[in-house]
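What follows is a single structure, written as structure tokens, with notes after it.
Read the figures in this text as sums done on the coordinates, not as results from a lab. Just so we're clear, the structure is a prediction, and the values are computed from it rather than from any experiment. Using ideal geometry, Cβ is built from the backbone for each residue, glycine included, and neighbour counts are taken over all protein chains shown.
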Ligand SMILES: [Zn+2]
Ligand SMILES: [Zn+2]
């Protein structure tokens, strides 16, 4: 797996938790592969606050404090793993089978450290649609993404079209 995709997936996990989304296919697959249980909502409380600060800071390229606070509380433990020969060797930032909040903390802290430093090229943006506060991960080649979802993109296109029509009348 390309490193940018790996960091992108871990960053998507972080952003999904901060957005308060239902568990995605990606999250289920990553938890499954690494034998991580889905955390109970009450386990996530304090962690989500810390993670939200770190994700917001990473989306602006700083300040560095919130990402370092997450790293301090959940220090990454780097290993290489090929899932018993079934996959390509890749980095892990937390042990398989760990308590879900620790696994998420270490993995997201490592990913957000990369995002903050700008390499590999993964960025976190805030949706440009009116009345949408959601964050998204952009690992597209030219980093041209502007919306959290297709729904927000088309809603914005329709609104702009209507505004142009009104202006023309
Ligand atoms: Zn793995
Ligand atoms: Zn949106």
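Roughly how compact is the chain, stated as its Cα Rg over 2.2 N^0.38 Å to two decimals?
On the way: Rg = 17.6 Å, N = 169, 2.2 N^0.38 = 15.5 Å.
Taking the Cα Rg and dividing by 2.2 N^0.38 Å, one obtains 1.14.
Along Cα→Cβ, 7 Å out, is where each label goes; now give me the distance between the ones at residue 165 and residue 43 in nm to one decimal.
So the label points at residue 165 and residue 43 sit 5.0 nm apart.
Using helices alone, what [θ] at 222 nm do you get for the chain, with -39,500 (n - 2.57) per DSSP H run of 4 or more residues, divided over all residues and rounded to the nearest 500? Numbers along the way, then the final one.
Values: 6 runs with 91 residues, N = 169.
The per-residue figure over the chain is -17500 deg cm²/dmol.
At 7 Å along Cα-to-Cβ for each site, give me the label-to-label distance between residue 64 and residue 21 in nm.
The two pseudo-label positions are separated by 3.0 nm.
Cα centroid distance between region 75-153 and region 28-51, in Å?
Between the Cα centre of region 75-153 and that of region 28-51, the gap is 14 Å.
Counting only the backbone N, which residues of region 1-31 are under 17 Å from the spot 7 Å out from the Cα of residue 151 toward its beta-carbon?
16-25
Hey, if you drop one equal point scatterer on each alpha-carbon of region 116-169 and run the Debye formula without solvent, what base-10 log of I(q)/I(0) do you get at q = 0.22 Å⁻¹?
For region 116-169 at q = 0.22 Å⁻¹, log10 I(q)/I(0) is -0.82.
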